[in-house]
């Protein structure tokens, strides 16, 4: 078996009730990332993974195996797991132990993503769509140059697959709000699940964003009501209501039009 530095596992959470909806899972964190999202809360994993200790692969696998009757699977996250060439080897070790895997990804490595799905190494993929598929906007939110066609290819691969797929977008003042969500939803087309996530101004990768006010709760819930899609059941509550749509329409006509589009598609 290759050594721990090859795998580059930097964090391990034995039990999580929130990382894989409707499931109890363990969580494995890989170091390194292809993006530099300014609102990221895992800056040490992204910017300085080499300063973090490589956890023992043998110990993690042993612990997961010992708990296989009590967990439903493992969430593999980061950083960006597909930035690690060791990822297929790690997932193969989990498959040998009949452990289902949910993969978190930013969609920057569609070739590897396709390989993992074709080889049945993942049971679910949750992809973060950072911004509308415009080179300037996407690169701004990702904090590095991004080719939108690469992201689109990952989206297309996931939409063709038969595994559990969830798309997610984080809304952040000055970066992604209602208009951007509208464009993202239009680009995604018909999907089973699209979630809107809240920006938190805690310890962000870009310190300036830690001083930025978060969206008010009412506005955040309106964005969820307008743009989230939940054709497949998850533990997340669905906030849409006709009364809510009418209230949105009274306050902002643009949101009302976007809601009609989102709800119909």
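The values are calculated or read from the model by the stated rules, or taken from the named source; none is laboratory data. Computed from a predicted model, the values in this text were never measured in an experiment. Here the Cβ is made from the backbone with ideal geometry for all residues, glycine too, and neighbour counts use every protein chain on show.
Of all residues in region 216-254, those being assigned to a loop (DSSP other than H, G, I, E, B) and either modelled with pLDDT under 95 or on the phi > 0 side of the Ramachandran plot (or both) number 12. From the list 140, 61, 87, the lone residue that is within 19 Å of residue 13 (Cα to Cα) and surrounded by fewer than 21 Cβ atoms within 10 Å (Cβ to Cβ) is 61.
For residue 207, the conditions (1) without any contact (Cβ under 8 Å) to a residue 24 or more places away in the chain; (2) surrounded by 14 or more Cβ atoms within 10 Å (Cβ to Cβ) all hold with the exception of (2). Looking across region 90-103, the residues that are touching a helix residue (DSSP H, G or I) at 6+ places or on another chain (Cβ under 7 Å) and buried (at least 21 other Cβ atoms within 10 Å of the Cβ) come down to 90, 91, 99, 101, 103. Going through (1) on the phi < 0 side of the Ramachandran plot; (2) in contact (Cβ under 8 Å) with a residue 60 or more places away in the chain; (3) surrounded by 15 or more Cβ atoms within 10 Å (Cβ to Cβ) one by one, residue 8 falls short only on (1).
Selection of region 55-77 for residues being within 12 Å of residue 28 (Cα to Cα) and in contact with a helix residue (DSSP H, G or I) (Cβ under 8 Å, 6 or more places away or on another chain) yields 55, 56, 57, 61, 64, 74, 76. Restricting attention to region 183-204 and to residues that are in a loop (DSSP other than H, G, I, E, B) and touching a helix residue (DSSP H, G or I) at 6+ places or on another chain (Cβ under 6 Å), the residue that is surrounded by the most Cβ atoms within 10 Å (Cβ to Cβ) turns out to be 204. Only one of the numbered conditions (1) assigned to a loop (DSSP other than H, G, I, E, B); (2) more than 30 Å from residue 147 (Cβ to Cβ); (3) touching a helix residue (DSSP H, G or I) at 6+ places or on another chain (Cβ under 6 Å) is violated by residue 34, and that is (2). Looking across region 48-58, the residues that are assigned to a helix (DSSP H, G or I) and buried (at least 16 other Cβ atoms within 10 Å of the Cβ) come down to 49, 57. Within region 165-179, the set of residues being buried (at least 19 other Cβ atoms within 10 Å of the Cβ) and either in contact with a strand residue (DSSP E or B) (Cβ under 8 Å, 6 or more places away or on another chain) or over 20 Å from residue 37 (Cβ atoms) (or both) comprises 165, 166, 167, 169, 170, 171, 176.
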